[in-house]
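Here the structure comes first, spelled out in structure tokens, and everything after it is commentary.
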Amino acid sequence: MAKTIQAIRGMNDCLPDVSGVWQKVESTLRQVVANYGYQEIRTPIVESTDLFKRSIGEVTDIVEKEMYTFEDRNGDSLTLRPEGTASCVRAGNEHGLIYNQQQRLWYMGPMFRHERPQKGRYRQFHQFGVETFGLNGPDIDLEVILLSARIWKAFGISDEVTLQINSLGSNEARQRYKDALVAFLKARSEQLDEDSLRRLETNPLRVLDSKNPEVQAAIVDAPSLLDYLDEESQQHFSILCERLSQAGIQYEVNPRLVRGLDYYNRTVFEWVTESLGSQGTVCAGGRYDGLIEQLGGKSAPAVGFAMGMERLVLLLTTLQSVDDDLRAADVYVTSMGTDSYAVQVSEMLRDAKPQWRVMMHCGGGNFKKQLKRADKSGALYAVLLGSDEATNTTATVKPLRGDGEQQTVALSSLADTLSTLLD
């Protein structure tokens, strides 16, 4: 017997028993962004490796350790996209969507990072995100955060997530802060772990993200980013906080929040939860005004966010907040020697109510077997078609859930009868 081939580690199948949850999540996300007037953009899964080196930063964990990079037959270095923002900016620059324009975009699709698989975090994962270009004031920062807050409201989990915000200031202000932070950390280098010592030389702000309790103890008195903000960034952040309060959005200012990518400036934010253990961040984003120019376009402001959809699905299922009905069928059509009549009835029902899930029995079998299949499909009603029904152009409707009574109706009124029962 040939050896069974299995999925690559960290790249998971989405099976029918959970695909309904994913469909519900995807449709809700699409509805929310449409409510705000955002338009979809779809970019290739494979991009030039240089795109991510220039945007994310060559000394980040993503570029150094996690990207799936290979040479194609022409010798070009290509990478499976590890995140969505850089691809959106590349597409915007390439197709003239950004310069002297305002764009509100969203995307959804698979990303790839070679990191240790764990619950809610995989090597092929799916990301939903929004990106806005050409809007400079704190009002668009507010809108992006409000949009993310409405997602939690749509799923009924607003009480399960907390907004944390911070400001990184201008690039110049952040560099001044980096210098002060490095001096502080070097004086305490013996208290830092190996990972933090490496980050101290490459990306010192990431030391603030360390989950190591000893490192956290060492940085308790570290300088605060907020003390190094330039005046314009201070005003931007102050207005944003004021408007969040006016909009009824509760938040926490977290001076340790820096985000892991090099392109962020000014506003950064995360939505976190205590319902998923250590994997607490379910959505993160911020402002990245310099990235467009960094990738060859003309300077333009930008702000957005992204969320890992596996983690969102995990959160929703943990909280039992997905009320989608996962049954395969609403109506199951049986056939006792009346196959052509069953086809006619099934197609008629699909024509009458395209939103219904109508499953027709195939493969024969006795009445008991067919009803067993009908029950397994999750259908609410079975339509029973035997020789009497075919002769008299009728159909018998049998409830499969609850206490309703079986009834025989004329074929011409079958759709109306089922509509009364289902809608």
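Summary table below
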| item | result |
| --- | --- |
| Residue match in the stretch 338-353 (condition: open to solvent by 10 Å² or more (accessible area, probe 1.4 Å), outside any helix (DSSP H, G or I), farther than 30 Å from residue 55 by Cβ and at pLDDT 90 or above) | yes |
| Residues located in the stretch 27-42, provided they are open to solvent by 50 Å² or more (accessible area, probe 1.4 Å) and under 13 Å from the mean Cα position of the chain (by Cα) | 27, 30 |
| Residues of the stretch 135-150 that turn out to be of a type in the set (Gly, Ala, Ser) and within 16 Å of residue 289 (Cα to Cα), as a count | 1 |
| Answer from 291, 314, 295, 319 - the residue that is within 23 Å of the chain's Cα centre (by Cα), closer than 30 Å to residue 171 by Cα and aliphatic (A, V, I, L, M) | 291 |
| Residue in the stretch 117-131 that is without any contact (Cβ under 8 Å) to a residue 12 or more places away in the chain and either within 24 Å of the chain's Cα centre (by Cα) or assigned to a loop (DSSP other than H, G, I, E, B) (or both) present | no |
| Where residue 286 falls short, out of the listed (1) at positive phi; (2) in contact with a Phe, Trp or Tyr (Cβ under 8 Å, 6 or more places away or on another chain); (3) of a type outside the set (Lys, Arg); (4) surrounded by fewer than 22 Cβ atoms within 10 Å (Cβ to Cβ) | (4) |
| All helices (runs of 4 or more DSSP H) inside the stretch 168-269 with 2 or more residues being touching a Pro at 6+ places or on another chain (Cβ under 6 Å), farther than 16 Å from residue 289 by Cα and touching a residue at least 40 places away in the same chain (Cβ under 8 Å) | 171-186, 231-246 |
| Any hit, the stretch 305-316, residues being open to solvent by 50 Å² or more (accessible area, probe 1.4 Å) and either part of a loop (DSSP other than H, G, I, E, B) or out of contact with any strand residue (DSSP E or B) (no Cβ under 8 Å at 6 or more places or on another chain) (or both) | no |
| Candidates 169, 156, filtered to the one that is at pLDDT below 95, farther than 25 Å from residue 224 by Cα and small (Gly, Ala, Ser) | 156 |
| Residue within the stretch 137-157 that is part of a loop (DSSP other than H, G, I, E, B), open to solvent by 10 Å² or more (accessible area, probe 1.4 Å) and touching a strand residue (DSSP E or B) at 6+ places or on another chain (Cβ under 6 Å) present | no |
| Residue list for the stretch 183-195, filter: farther than 17 Å from residue 255 by Cβ and of a type outside the set (D, E, K, R) | 183, 187, 189, 191, 192 |
| The lone exception for residue 169 - which of (1) open to solvent by less than 40 Å² (accessible area, probe 1.4 Å); (2) out of contact with any Ser or Thr (no Cβ under 7 Å at 6 or more places or on another chain) it fails | (2) |
| Test: residue in the stretch 191-206 that is loosely packed, with under 14 Cβ neighbours inside 10 Å, basic (Lys, Arg) and modelled with pLDDT under 85 | no |
| All positions within the stretch 361-385 that are over 34 Å from the mean Cα position of the chain (by Cα), over 14 Å from residue 407 (Cα atoms) and not in a helix (DSSP H, G or I) | 361, 362, 363, 364, 365, 366 |
| Hits in the stretch 386-414 - residues which are assigned to a helix (DSSP H, G or I), crowded, with 17+ Cβ neighbours inside 10 Å and among the small types (Gly, Ala, Ser) | 390 |
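The values are calculated or read from the model by the stated rules, or taken from the named source; none is laboratory data. Owing to the predicted nature of the structure, the values given are computational and were not obtained by experimental measurement. Don't worry about glycine lacking a Cβ; one is built from the backbone with ideal geometry, like all the others, and counts go over all protein chains shown. Ligands, DNA and RNA are excluded from the accessible area calculation, which covers all protein heavy atoms including side chains. Shrake-Rupley method; radii C 1.70, N 1.55, O 1.52, S 1.80 Å.
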